Each structure stands twice: as structure tokens, then as C-alpha cells.
Amino acid sequence: MTIRKLIFTLLTVIMLFGLTACSNDGLTAGKLTVTLNGNAVEKPLTAEKLGEGYTVGNYALKYNGEPVAGVTYTEKTADLEESKRVLRSLVIGANSGAENDTLSVNGITLGSKMSEVLDTFGEPSAEEEGMWFYREMGKSEDDNFLGLRFDENDNVTWLYVRVE
């Protein structure tokens, strides 16, 4: 193989990788607008900051006693009382009993169409077992900041967003 062919092959691979790896067009966690029950989520997020009626317990966020989302906590606040723990992520599913618009990420909610997700966020960084994940370029799968699952009609049925 000549040097010219080797360089051409390497450039081709780099261009192909670059085009597919940047498919979500520079989407970052900082470019997400998250709302919960119509109110903007401010970071760092705690149940206490959400206001009256919100409680956290057993990895569930509740509003007036009704579950609205699953949660995970940041490790550094794990020893605090639950209302003061910083929430790492919010998760909501179609079977959770919550309203479709309880959790919104850039206008995407449960029931949104796959085409709306593509228009809003671009192609996912990864697709695994029927789920779409978004993460910043070069980050590992542990750094997903947005995840979605769709039903057979291409409607969002599960929504995960990192809010730390």
C-alpha cells in the first residue's frame, strides 16, 4: 500500500467517524431545558428547592403524595436527609401514572413522536435495546444525559434526563 493510499484511507475513516459521531450536532446537557409540572428545573435540584408538596423517598419524587418521577441522587449528598439530597436524574415512564407532560425536556414529553425527538435533538449518540441515548462526544455510556424509549407507534414511553 502506498503512502498516498494509506493517507486517503485514514482520511476516509476519520471523515466517516466524524460524521457519525457528531450526529447530535453538539447537543450537551447544558443545552437542555427541563421542566417538571410546568416549572423550570434549577440546578442543583433538590425536593426542597422544588417547593411545597414535593417529597423524595425510596428513589421516587412525589408531589402531594403522588409519584411523579423516579430519581437518583449524587453520591456526594447521599448522607443528607432526602429532601436536601441533590438529584442526579429524573426518570418517567408511561406506566408510572404521571401525566404525559409532567416531565419535559426541550418540549419533549411522554407521548412525543420519534420525529419530534429527531427534530429537537438530532440522531442519538447510541441506540441500545430499543432505547436512544444522548451523550457528549467522546464520553462513555455512563455519561448519558438523556435517554428515551419508544413504543411500536414511535411515541416516547420512557424519558430519562440527568439534572445534576
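Only protein heavy atoms count here; under a 1.4 Å probe, Trp132 has an accessible surface of about 20 Å².
The rule of thumb for compact globular proteins, 2.2 N^0.38 Å, goes into the C-alpha radius of gyration of segment 83-159 1.11 times. Farthest toward the positive end of the dipole of segment 105-164, out of Phe150, Ser125, Gly107, is the Cα of Gly107, where the dipole comes from beta carbon charges about the Cα centre.
Label separation (Glu99 vs Met137): 3.9 nm, computed from points 7 Å beyond Cα along the C-beta direction. Among Met131, Met114, Met137, the order of accessible area from largest down is Met137, Met114, Met131, computed with a 1.4 Å probe on protein heavy atoms.
The values are calculated or read from the model by the stated rules, or taken from the named source; none is laboratory data. Remember, predicted model here, so these are calculated numbers, not experimental data. Neighbour counts are summed over all protein chains in view; Cβ atoms, including those assigned to glycine, are modelled from backbone coordinates with ideal geometry. What goes into the accessible areas is simple: the full protein's heavy atoms, side chains included, and nothing from ligands, DNA or RNA. Shrake-Rupley method; radii C 1.70, N 1.55, O 1.52, S 1.80 Å.
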